[in-house]
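Trainee: My questions all concern the structure below.
The values are calculated or read from the model by the stated rules, or taken from the named source; none is laboratory data. Since we're looking at a predicted model, the values are computed, not measured. When we count neighbours, we look across all protein chains shown, and the Cβ atoms used for this are built from the backbone with ideal geometry, even at glycine. With ligands, DNA and RNA removed, areas are computed over all heavy atoms of the protein, side chains included. Shrake-Rupley method; radii C 1.70, N 1.55, O 1.52, S 1.80 Å.
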Amino acid sequence: TRGRRGQNGRAKEISRLLGRTLRQAVDLERLRGFAITVDCDVLQADGGTRTAAITGGYVALAQAMLKLVAEGKVPREALREPVAAVSVGLVGGQALLDLPYVEDSRADVDLNVAMTASGHLVEIQGTAEGATFSRAQLDELLNLAEKGIGELVAKQREALDL
């Protein structure tokens, strides 16, 4: 079902997360004098609203930036590398990528990871929902997230014809 548009607490939190993450994809100094608004309506994400907004939001941002570049208004270097996000979690002791709601709702650990194309972490949001987790399990989840983000970045580049 479609929620009402507006800034409830969840929408504000997602909006701030989206802003923090997408700012990593642009050189703000080279973008002086311009403001870009990325408005994300996630129509269906099955539990991955934040990650879908970040991954799709980057494509929209890059399209806007590439238009400014084509018009000669900003240098190409103003657009940095892609950024994308995925959810990962531990369900029944198994590390899983891109958890749908049914898995997310029973995950012992739930992690959202945003990362640049070169593998630099932008943001990690994680919680031990049902049980604590070890550093080795965190590393396993981050490695799985990096693999998934690599696949998403390839799709972003394909969509942008880069």
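Trainee: Using only helices, what value at 222 nm comes out for the chain when you add -39,500 (n - 2.57) per DSSP H run of length 4 or more and divide by the total residues, to the nearest 500 deg cm²/dmol?
Mentor: Working: 4 runs with 66 residues, N = 162.
That calculation yields -13500 deg cm²/dmol at 222 nm.
Trainee: Which ³J(HN,Hα) values, rounded to whole Hz and listed in residue order, are derived for the range 138-145 from phi using the Karplus coefficients 6.51, -1.76 and 1.60 in 6.51 cos²θ - 1.76 cosθ + 1.60 with θ = phi - 60°, glycine and proline given as x?
Mentor: Values per residue, Gly and Pro as x: 4, 4, 4, 5, 5, 5, 5, 4 Hz.
Trainee: Here's something else I'd like to know. Using a Gaussian network model of the chain whose springs link C-alpha atoms within less than 10 Å, name the residue from Asp139, Asp98, Asp108 with the highest mean-square fluctuation.
Mentor: Asp139
Trainee: Would you mind telling me which residue in Arg23, Arg135, Arg80 has the biggest mean-square fluctuation in a Gaussian network model of the chain, where springs connect alpha carbons within a distance under 10 angstrom?
Mentor: Arg135
Trainee: Now a separate question. Cut-off under 13 Å on the C-alpha distance; same-chain residues fewer than 8 positions from Lys12 excluded. Which aspartates and glutamates are left, in chain and number order?
Mentor: Asp39
Trainee: Continuing with the same structure: Where Rh denotes the Kirkwood radius from the mean inverse Cα pair distance, what is Rg over Rh for the chain? Please report the intermediate quantities before stating the final value.
Mentor: Details: Rg = 16.6 Å, Rh = 16.6 Å.
Answer for the chain: 1.00.
Trainee: Along Cα→Cβ, 7 Å out, is where each label goes; now give me the distance between the ones at Glu29 and Arg157 in nm to one decimal.
Mentor: If labels sit at Glu29 and Arg157, their model points lie 2.6 nm apart.
Trainee: Given the options Leu90, Ala159, Ala136, identify the residue whose Cα lies farthest towards the positive end of the charge dipole of the chain (+1 on Cβ of Lys, Arg; -1 on Cβ of Asp, Glu).
Mentor: With unit charges placed on the Cβ atoms, the residue in question is Ala159.
Trainee: Tell me which residues come under 5 Å, amide H to amide H, from Val91 once H is placed; ignore anything under 5 positions away on its chain.
Mentor: Hits under the 5 Å cutoff: Leu96, Asp108.
Trainee: When the accessible area of the range 1-136 is split by element with a 1.4 Å probe, what percent falls to carbon and sulfur?
Mentor: Numbers: 3720 of 7940 Å².
Roughly 47 percent of what the probe reaches on the range 1-136 is carbon or sulfur.
Trainee: May I ask you to order 115-126, 55-66 by the average number of other C-beta atoms within 10 Å around their residues, highest value first?
Mentor: Details: 115-126: 15.8, 55-66: 19.7.
With the highest mean Cβ count within 10 Å placed first, the list reads 55-66, 115-126.
Trainee: Rounded to the nearest 10 degrees, what's the angle between the helix 49-70 long axis and the longest principal axis of the chain, both from Cα atoms, 0 to 90?
Mentor: Helix 49-70 and the main axis of the chain meet at about 10 degrees.
Trainee: Here is a follow-up. Taking the solvent-accessible surface of protein heavy atoms with a 1.4 Å probe, what is the per residue accessible area of the chain in Å²? It would help to have the intermediate numbers written out before the result.
Mentor: Details: 9530 Å² over 162 residues.
Counting only protein heavy atoms, the per-residue value for the chain is 59 Å².
Trainee: Still on this structure: How much FRET efficiency would the formula 1/(1 + (r/R0)^6) give for Ser15 and Ala136, where r is the Cβ-Cβ distance and R0 is 25 Å, rounded to 0.05?
Mentor: Computed FRET efficiency for Ser15 and Ala136: 0.15.
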